[in-house]
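The values are calculated or read from the model by the stated rules, or taken from the named source; none is laboratory data. Predicted, not measured: the structure shown is a model, and the values here were computed from it. As a convention, Cβ positions derive from the backbone with ideal geometry for all residues, glycine included, and neighbour counts pool all protein chains shown.
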Amino acid sequence: MTTPAPPAEANNIDDDDEYTDDDPRCTHCDGEIWVECDDPIQCCTPGCDGEMHPDPACGGTGLYKHQVIF
């Protein structure tokens, strides 16, 4: 006996939640490279100017392929 296939609706994934190869931008900074500093007084991130610093998720590259998911 074979298991029936799930309905077609179960296989649909919302396009906003799915990463596609044609969008190389980092999902954390959206390719902008810079993010707002949460703690400007004690921030130790290299390149921080007290207001903005390079995105730690993608290492300041703005690219998804360099993104570290945490």
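Points to keep in mind about this one:
- Among the residues making up region 1-45, those that are within 17 Å of residue 67 (Cα to Cα) and at pLDDT below 85 are 17, 18, 19, 20, 21, 22, 23, 45.
- Under the condition of being assigned to a loop (DSSP other than H, G, I, E, B) and either without any contact (Cβ under 8 Å) to a residue 12 or more places away in the chain or of a type in the set (A, V, I, L, M, F, W, C) (or both), the residues counted in region 50-70 number 6.
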